Amino acid sequence: IQFQEKSKLKSISVDAFTDSLIKTLYIPSSFNELEKGCIPYNVENIVISKENQKYSYYNDEIIIAKTSLNSDIFDTIVFARKKIKNVTIPKFIKQIAPYAFCNCTSLENVDFEPGSNLEKIGDYAFYNTSIKSFSILPLSLNSIGGSAFSGCSALPKISIPSSVTSIGDSAFSGCSAL
């Protein structure tokens, strides 16, 4: 789906494209809100207008966003290309949004840059991935969302820091190798 560059579209709601066969989604310059769960599982690529001030690609593999349009800092990961195999979470990221790596079935390794500021892993963030190696979670982390790692059957271990105060429902459900 492509929206015209002059489109006034600002948001896409949950399940807006449920059961569609969309492979590529174009985000216009005016767009500023991807609600959690609004990107269908089969979307492999998102093209972002160069004029968009809220979203940007990082290393051509993940889409990062600003929590606030008034900020210059992109601090949230909102989407990853489905074919991603390895990812290093940049130290400036504070949140991995719900569904960010959901169904990235080729994803095997997750690392964090030294000095990571990650505070939150959202619901379904790594749902149904093939993670085999997950570096030690940063000490800044305080929340792991519901079903965040659900279905990660190849995940052999994960070290949860003492800073974590909340783990959501079914966060590690189906992690049979743990």
Just checking, how many residues over region 132-157 are farther than 10 Å from Ala177 by Cβ and crowded, with 16+ Cβ neighbours inside 10 Å?
-> 14
Quick check: anything in region 11-19 loosely packed, with under 15 Cβ neighbours inside 10 Å, modelled with pLDDT of 85 or more, among the acidic types (Asp, Glu) and in a loop (DSSP other than H, G, I, E, B)?
-> no
Where a residue in region 145-168 is touching a residue at least 40 places away in the same chain (Cβ under 8 Å) and its partner, wherever it lies, is open to solvent by 30 Å² or more (accessible area, probe 1.4 Å), with Cβ under 7 Å and at least six apart | Gly145/Pro98; Gly145/Asp123; Ala154/Ser130; Ala154/Lys132; Ala154/Ala177; Gly168/Asp123
For region 57-80, the count of residues that are of a type outside the set (Val, Ile, Thr), in a loop (DSSP other than H, G, I, E, B) and surrounded by fewer than 18 Cβ atoms within 10 Å (Cβ to Cβ) equals 9
Answer yes if at least one residue in region 113-123 is open to solvent by 60 Å² or more (accessible area, probe 1.4 Å) and hydroxyl-bearing (Ser, Thr, Tyr), and no otherwise.
-> no
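From the list Val87, Val164, which one is under 12 Å from the mean Cα position of the chain (by Cα), modelled with pLDDT of 95 or more and either in a loop (DSSP other than H, G, I, E, B) or on the phi < 0 side of the Ramachandran plot (or both)? Spell out how you get there, then give the answer.
Numbers: Val164 fails: under 12 Å from the mean Cα position of the chain (by Cα).
Only one candidate qualifies: Val87.
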Any idea which of (1) of a type in the set (A, V, I, L, M, F, W, C); (2) part of a loop (DSSP other than H, G, I, E, B); (3) over 14 Å from the mean Cα position of the chain (by Cα) is the one Leu107 doesn't satisfy?
-> (3)
Exception for Glu33 within (1) open to solvent by less than 80 Å² (accessible area, probe 1.4 Å); (2) touching a Lys or Arg at 6+ places or on another chain (Cβ under 9 Å) falls at (1)
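Of Ile77, Ile62, Ile39, Ile73, which residue is in contact (Cβ under 8 Å) with a residue 60 or more places away in the chain, of a type in the set (Val, Ile, Thr) and under 19 Å from Gly122 (Cβ atoms)? Walk me through how you get there before you give the answer.
Values: Ile77 fails: in contact (Cβ under 8 Å) with a residue 60 or more places away in the chain; Ile62 fails: in contact (Cβ under 8 Å) with a residue 60 or more places away in the chain; Ile73 fails: in contact (Cβ under 8 Å) with a residue 60 or more places away in the chain.
Sole residue among the options that is in contact (Cβ under 8 Å) with a residue 60 or more places away in the chain, of a type in the set (Val, Ile, Thr) and under 19 Å from Gly122 (Cβ atoms): Ile39.
Table: residues versus (1) modelled with pLDDT of 90 or more; (2) out of contact with any helix residue (DSSP H, G or I) (no Cβ under 6 Å at 6 or more places or on another chain); (3) among the hydroxyl-bearing types (Ser, Thr, Tyr).
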residue: Ile22; (1), (2), (3): no, yes, no
residue: Tyr26; (1), (2), (3): no, yes, yes
residue: Val43; (1), (2), (3): no, yes, no
residue: Ile64; (1), (2), (3): yes, yes, no
residue: Thr67; (1), (2), (3): yes, yes, yes
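The values are calculated or read from the model by the stated rules, or taken from the named source; none is laboratory data. All of these numbers come straight from a predicted model, not from anything done at the bench. Quick reminder, even Gly has a Cβ in these numbers, built from the backbone with ideal geometry, and neighbours come from all protein chains shown. All accessible areas refer to the heavy atoms of the entire protein, side chains included, with ligands and DNA or RNA removed. Shrake-Rupley method; radii C 1.70, N 1.55, O 1.52, S 1.80 Å.
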